Every structure is written in C-alpha cells, then in structure tokens.
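Shown below is the structure under consideration.
Just so you know, all these numbers are worked out from the coordinates, no wet-lab data involved. From a predicted model like this one, the values you see are computed outputs, not experimental measurements. Here the Cβ is made from the backbone with ideal geometry for all residues, glycine too, and neighbour counts use every protein chain on show.
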Amino acid sequence: MNSRDLVLKTLAHEKTPRVPIGYNLKTDHELQLKAMYGWDQAEIKKRFKVDLQTVYMSPTKEFQDKSVKATVSTSFADSFLIEGKNHLYYDEWSVGYTIQKYKYRFMGANGKISLETSEIPKMIEHPIKEISLDALDDYLTHQFPSIDDETRYDQMKKEIKLYKEKYAIEADMEMTLFEKSWYVCGLPNFLGALAKAFRKPNSDENKFVNKILDAMVSFRLKQIEKYLEIGGIDIIRFGDDVGIQSGLMFSKAIWRQFFKPRMKKLIDACKREVHVYNHCDGNCTELIPDFIENGVEILNPLQPECMDPEAIKQKYGDKITLYGTIGIQKPSYIGDCYPEVSKAEIDRLSSLFIREVKTRKETLGKDGGLILAPTNKLQPDTYIESIIALYDEMGKEF
C-alpha cells in the first residue's frame, strides 16, 4: 500500500496499518536536516513517512521574474515578493510586508549548535486603505491579480506528474475568501465593514463586502476549474482563519450570511471529483455542522489548545476526517540559556509530542478518519530533536 492508497482508505474511514502523516516543516528546519544528514526535502518526506504532497498555484512567471525571494520561511507560492520603497516588499495582491528577523538555535553537522537567522514577513500595508466603493473599484480595476495566466500552473503540473503515483495530492486554495479580503483591506477595516454590512443591509459597507467577496469567488471558481482540468489532484484545500483560541472572530450569523453560501458554491464546483478540505485556525467548533452541510470532508487543523479532538471525533467522526490535532505551542522553548539547553530539557519537550501522538492514535485513529500533522508550521523555536521525535512517533504502525 503506497501513501496515496493509505490516505484514500483513511478518507473512506477504513482501517489502515498506520495513520497517514502530513508535512508542516518550515525551511528553517529543512536547512538543519540538510546540514545534519544531507537530506533534501524529498528525502525528509521519505524518512518521516509523509503521505501527502501539497501543490500550489504560483504567481505568474512575469511576477516571479520581477520578484526577489525575500524570505526563507514561507511556502513556494508565498515566497515571491517584489522589492519596493522604504524596505517594503509586495506580493501580487499589492499587500506590503517588512521582513522580520529572528535568531533561532540551529543544529548542524556533527551536532554543532549555532545561532542562525529566520526571516518572517510581517504584513503592514494594504492596498485598500479605506472602505469605500470607489477605492474597491480602483483596486479591482488596477491591482486585482489576473487568474488567467497559464504560467501560474507550471510548477504545479511538474509536481503532480512527479508525485501523483505515490502521494495523495492536495492542491492549496487556503485563504479562500475572508483572509484574502482582509489582507487587501486590513483586518480592523474589514471586520468593521462586515459588522456594519450585517447590521445595515442597504449600507455602502454591505455593497462593499458583497462586491469584494464576489470578486474573490470568481477568482476561486476559475482556479477550481483549472485544478480539475489539470487533473491528478485528490484533495482541494479550502480555508479561512475565522477563529481565535477563544472562539470565532465574528458571529456565526455573519459567517452564515456572507461566507457559507459562497463556500458552498465553491465546494459544489468541485463536482465531487476531489475530496474537500477546510482549514480554520483557532476554535471553530460551532461551525463544524455548517462545514459538513456545505460538503466539507476533511477538517484541519483542530488545535488541541482550544478544541477537543476526541469530542469532535465522537460527534462528527463518521462524517469528516480530522487532519492535524498535534499542538505546536507547548513543545517549544526560548529561555535565558537559549540556544544552550540540556538534553534532559529537550527530551522533556519531545515527550510532550510523543504522548500527544500516542493519545491521538489511541482515541481517534483506529478506524480511519485521521491524518496526523502538526497544527501549523513548526516554528524555529521548536528544537529539531523534538521534530524528529514527533515524526518518528507518528510513523509507527498501530
């Protein structure tokens, strides 16, 4: 049974020899594994028994040719930024970033420890600076990206051809509606517009919100059409972070009015040719019935710091597959002695991962419907020894 078969059997809620494993390492950790063992990303995935390959729609070749790879810590699709004025970098949506630099503990060849620099983009500038229909029209006319350029899919096609016989292929479309909308407007501005649009259906804010979300839907529908045309894709990954750890960012009623029908339209466009995944950070427990009603089959990431994976499995486990469930907040450490730390402390932190994996397998995984993965990209302050322990434990058979 290869990795793709393992994932598909899991999605069918059938028993498997082991739980499928998702990948969530940043470049910072890949660089350490390269220095320590000579492993490239393909070898890391093989050694860690990863079963899914994520493919991305890229910026256009024209944009890539003008861009610089401004940071080592983002995914392929997000790593192309154009350098602008005042040390800002811009993505193809015209969102501006600074590049923040953090020191982290780097383990290299022969266990040598050093401090290296991680680069993480911080969003600080948004192309729509005020919530007005004129500003939106100007953005949609002059800055909204074109979806039609075929060069967007060159890298995706190569990776699907390379990996489709082995891995389950998941095509990314996260930050589907809400996140891309607030990226271009700024979060406070867009949340304020959402609230007024909900309270006052005849307001300009209501027209603004509907117009920008409809533009995002149109973009995503064309993206789905292209994904299905390319073929070889098993899962499409939708998702928006509408939650924080204490609950939703806004009321369920707002989500149902502005986002649920639009997400249903996108999911229906998949025509049941692929499995449908939905990502939402934070506590989105109260939206799970709506996700399922919309046709979501896979829920990610289920942060255990704020959601109860076992209760969700008991209530909805026959309808959805849980993907993630391994929290990343506790097994990380930065203290006064960083980067020097005792082996005993690293072993203690690693044991937090190991115990959590064992618990998930015991309570969630024996009858399919579970894919194990860290609930987000593992951050540079997670020791590489703990990451190796995590993936070793996830890869063990029942």
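Have a look at 220, 237 and point out the one that is among the basic types (Lys, Arg), assigned to a helix (DSSP H, G or I) and crowded, with 19+ Cβ neighbours inside 10 Å.
220
Starting from residues that are aliphatic (A, V, I, L, M) and assigned to a strand (DSSP E or B), keep the ones in the range 110-130 and report whichever is farthest from residue 212 (Cα to Cα).
Among those that are aliphatic (A, V, I, L, M) and assigned to a strand (DSSP E or B), it is 113.
Okay, moving on. Please go through the range 351-381 and pick out each residue that is in contact (Cβ under 8 Å) with a residue 60 or more places away in the chain and small (Gly, Ala, Ser).
Scanning the range 351-381 gives 365, 368, 369, 373.
Condition first: more than 19 Å from the chain's Cα centre (by Cα) and either in contact (Cβ under 8 Å) with a residue 40 or more places away in the chain or farther than 19 Å from residue 7 by Cα (or both). Now tell me which residues in the range 266-292 satisfy that.
268, 269, 270, 271, 273, 286, 289, 290, 292
Let me ask something additional. Please specify each residue of the range 138-183 satisfying the condition of being of a type in the set (D, E, K, R), over 30 Å from residue 255 (Cβ atoms), in a helix (DSSP H, G or I) and in contact (Cβ under 8 Å) with a residue 12 or more places away in the chain.
154, 157, 159, 161
For residues that are in contact with a helix residue (DSSP H, G or I) (Cβ under 7 Å, 6 or more places away or on another chain) and closer than 19 Å to residue 191 by Cα, scanning just the range 133-148, find the one that is surrounded by the most Cβ atoms within 10 Å (Cβ to Cβ).
So, considering only residues that are in contact with a helix residue (DSSP H, G or I) (Cβ under 7 Å, 6 or more places away or on another chain) and closer than 19 Å to residue 191 by Cα, the one surrounded by the most Cβ atoms within 10 Å (Cβ to Cβ) is 136.
Still on this model: Identify all residues within the range 382-394 that are in contact with a Lys or Arg (Cβ under 8 Å, 6 or more places away or on another chain) and not aliphatic (A, V, I, L, M); write none if there are none.
383, 391, 393
Please report, ordered by residue number, the strands (runs of 3 or more DSSP E) entirely within the range 1-109 with at least 1 residues that are without any contact (Cβ under 8 Å) to a residue 24 or more places away in the chain, more than 30 Å from residue 360 (Cβ to Cβ) and of a type outside the set (Lys, Arg).
Those strands (runs of 3 or more DSSP E) span 80-83, 96-107.
When you go through 99, 113, 120 one by one, which is the residue that is surrounded by fewer than 19 Cβ atoms within 10 Å (Cβ to Cβ), among the hydrophobic types (A, V, I, L, M, F, W, C), under 30 Å from residue 388 (Cα atoms) and under 19 Å from the mean Cα position of the chain (by Cα)?
120
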